[in-house]
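J.: Take a look at the following structure, please.
The values are calculated or read from the model by the stated rules, or taken from the named source; none is laboratory data. Keep in mind it's a predicted model, so treat the numbers as computed, not measured. Heads up, the Cβs are rebuilt from the backbone with ideal geometry, glycines too, and the neighbour counts pull from every protein chain shown. Each accessible area value is taken on the protein alone, full model and side chains, heavy atoms only, with ligands, DNA and RNA left out. Shrake-Rupley method; radii C 1.70, N 1.55, O 1.52, S 1.80 Å.
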Amino acid sequence: MKNEFNYESHRDFEEFYASFDDETPIHFHRSIEFMFVKSGEKPYTAGSESGVIKAGELLIVPPLFPHSFHPIQGGGAVKCNVLPAKYSDVWENFLKGKTPASLVIRDLNLAAELEEHLSVINNTVSPVLKDGVYKYVLGRIFQKVKFTDAPKSKTSGFATEVLRYIDENFSDDITLDETAKEFGYSKYYFSSLFNERFKTNFRTYLNNVRIEKAKKMLETLPLSEVAFRSGYKSLQSFFFNFKKVTGITPKEYVRSQNLSE
């Protein structure tokens with residue numbers, strides 16, 4: 001476990017915007033991240049790709065890609081956006097296993113256009129505007145960036161493989177015992193590894209993922225269908241876990257987002 005990358009669980013359920021240049025040790029999360037360099041050259045590693053992001057360029061870090069950054073020598077300026085994890089579903093559903101041929105957008109006009117839109121996020125609290133910006137940025141990337149098949153090698157070991165498994169099978173009746181067997185561990189040893197790596201237990205993490213997926217599905221599907229597509233056996237279980245994770249009921253969430261029930 002000592003060679004595992006640091007999994008930033010808090011990134012999975014929040015958005016992040018910052019404009020400071022610092023040393024970032026290797027880590028990963030389910031959320032998509034963008035790094036825009038305003039001045040200087042920012043050294044980076046993301047997946048199997050390493051290099052520098054030059055002034056005016058934008059780095060894309062796909063979901064579950066281990067990545068790290070070094071400060072710009074001599075000083076510089078950067079902007080970083082980490083999207084809410086629900087947009088990783090948009091990414092995966094559209095790309096279906098593909099990844100950018102190059103993680104750095106070196107087309108300065110396209111990079112500047114995307115950064116201009118991402119900058120809006122720091123100056124608004126409107127969920128509708130934020131959603132529009134995020135989807136526009138992803139749409140432009142899907143339109144303009146070249147993609148290739150993602151490498152099949154297990155580049156980040158236990159941690160990312162477990163998260164991918166949960167992300168792909170959350171709607172099924174998966175259990176700690178079954179997941180442990182899938183990865184060749186005993187139930188108790190797997191539970192210990194999971195708790196150590198993710199700083200939470202299997203059931204809590206699975207519920208968090210299911211509810212985040214449910215929030216996205218509530219935009220287009222009725223409550224009863226969302227409950228079962230999220231992996232819950234009953235509406236009662238869905239309502240209980242939704243409120244446990246979000247602090248509000250699914251109906252209250254629908255009303256808060258101006259969605260039709």
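J.: Would you please name the residue that is farthest from Arg140 (Cα to Cα), looking only at residues in the range 81-101 that are open to solvent by 50 Å² or more (accessible area, probe 1.4 Å) and part of a loop (DSSP other than H, G, I, E, B)? First the steps, then the outcome.
T.: Going through the range 81-101, the residues open to solvent by 50 Å² or more (accessible area, probe 1.4 Å) turn out to be 92-94, 96, 98, 101.
Next, only the ones that are part of a loop (DSSP other than H, G, I, E, B) stay: 96, 101.
Details: Lys96: 17, Ala101: 15 Å.
Once the filter is applied, the top-ranked residue is Lys96.
J.: Restricting attention to the range 57-80, which residues are of a type in the set (Gly, Ala, Ser), touching a Ser or Thr at 6+ places or on another chain (Cβ under 9 Å) and not in a strand (DSSP E or B)?
T.: Of all residues in the range 57-80, those of a type in the set (Gly, Ala, Ser) come to 68, 74-77.
If we keep only those that are touching a Ser or Thr at 6+ places or on another chain (Cβ under 9 Å) too, we end up with 68, 75-77.
The answer is Gly75, Gly76.
J.: Another one. Of all residues in the range 31-51, how many are among the hydroxyl-bearing types (Ser, Thr, Tyr), within 18 Å of Thr148 (Cβ to Cβ) and buried (at least 22 other Cβ atoms within 10 Å of the Cβ)? Lay out the reasoning, then the answer.
T.: To start, the set of residues in the range 31-51 that are among the hydroxyl-bearing types (Ser, Thr, Tyr) comprises 31, 39, 44-45, 48, 50.
Okay, now just the ones that are also within 18 Å of Thr148 (Cβ to Cβ), so 48, 50.
After this cut, where a residue has to be buried (at least 22 other Cβ atoms within 10 Å of the Cβ) as well, the list is none.
The total comes to 0.
J.: Looking at the range 102-111 only, could you name the residues that are assigned to a helix (DSSP H, G or I) and closer than 21 Å to Pro62 by Cβ? It would help to see each step written out before you state the result.
T.: Within the range 102-111, the first condition is being assigned to a helix (DSSP H, G or I), and the residues that meet it are 108-111.
Matches in the range 102-111: Leu110, Ala111.
J.: Right, something else. Inside the range 238-257, can you point out the residues that are open to solvent by 40 Å² or more (accessible area, probe 1.4 Å) and without any contact (Cβ under 8 Å) to a residue 60 or more places away in the chain? Quick ask: steps written out before the conclusion?
T.: If we filter the range 238-257 for residues that are open to solvent by 40 Å² or more (accessible area, probe 1.4 Å), which is where we start, we get 239-240, 243-248, 251-252, 255-257.
Matches in the range 238-257: Phe239, Phe240, Lys243, Lys244, Val245, Thr246, Gly247, Ile248, Lys251, Glu252, Arg255, Ser256.
J.: Yes or no: Glu178 of a type in the set (Asp, Glu) and open to solvent by less than 80 Å² (accessible area, probe 1.4 Å)?
T.: Details: of a type in the set (Asp, Glu): yes; open to solvent by less than 80 Å² (accessible area, probe 1.4 Å): no.
So Glu178 fails the test.
J.: Just the residues that are under 30 Å from Leu163 (Cβ atoms) and open to solvent by 30 Å² or more (accessible area, probe 1.4 Å), please, taken from the range 52-80. If you could, list the steps in order and put the result at the bottom.
T.: So in the range 52-80, the residues under 30 Å from Leu163 (Cβ atoms) come out as 52-53, 57-71, 78-80.
The answer is Val52, Phe65, His70, Pro71, Lys79.
J.: Report whether or not Lys215 is in a helix (DSSP H, G or I), touching a helix residue (DSSP H, G or I) at 6+ places or on another chain (Cβ under 9 Å) and open to solvent by less than 50 Å² (accessible area, probe 1.4 Å). Step through it out loud before you land on a result.
T.: Working: in a helix (DSSP H, G or I): yes; touching a helix residue (DSSP H, G or I) at 6+ places or on another chain (Cβ under 9 Å): yes; open to solvent by less than 50 Å² (accessible area, probe 1.4 Å): yes.
So Lys215 passes the test.
J.: From the list Asp172, Asp177, which residue is within 30 Å of Arg203 (Cβ to Cβ) and assigned to a loop (DSSP other than H, G, I, E, B)? Outline the logic, then answer.
T.: Values: Asp177 fails: assigned to a loop (DSSP other than H, G, I, E, B).
Exactly one of Asp172, Asp177 is within 30 Å of Arg203 (Cβ to Cβ) and assigned to a loop (DSSP other than H, G, I, E, B), namely Asp172.
J.: Could you please find all residues in the range 115-146 being out of contact with any Phe, Trp or Tyr (no Cβ under 7 Å at 6 or more places or on another chain), open to solvent by 60 Å² or more (accessible area, probe 1.4 Å), assigned to a helix (DSSP H, G or I) and under 24 Å from Gln257 (Cβ atoms)?
T.: Filtering the range 115-146 down to residues out of contact with any Phe, Trp or Tyr (no Cβ under 7 Å at 6 or more places or on another chain) leaves 116, 119-120, 123-133, 135-137, 139-141, 143-146.
Add one more test, that the residue is open to solvent by 60 Å² or more (accessible area, probe 1.4 Å), and what stays is 116, 123, 125, 127-129, 135-136, 143-144, 146.
Subsequent filtering for residues that are assigned to a helix (DSSP H, G or I) retains 116, 123, 127-129, 135-136, 143-144.
Answer for the range 115-146, where residues must be out of contact with any Phe, Trp or Tyr (no Cβ under 7 Å at 6 or more places or on another chain), open to solvent by 60 Å² or more (accessible area, probe 1.4 Å), assigned to a helix (DSSP H, G or I) and under 24 Å from Gln257 (Cβ atoms): Asn123, Pro127, Val128, Leu129, Lys135, Tyr136.
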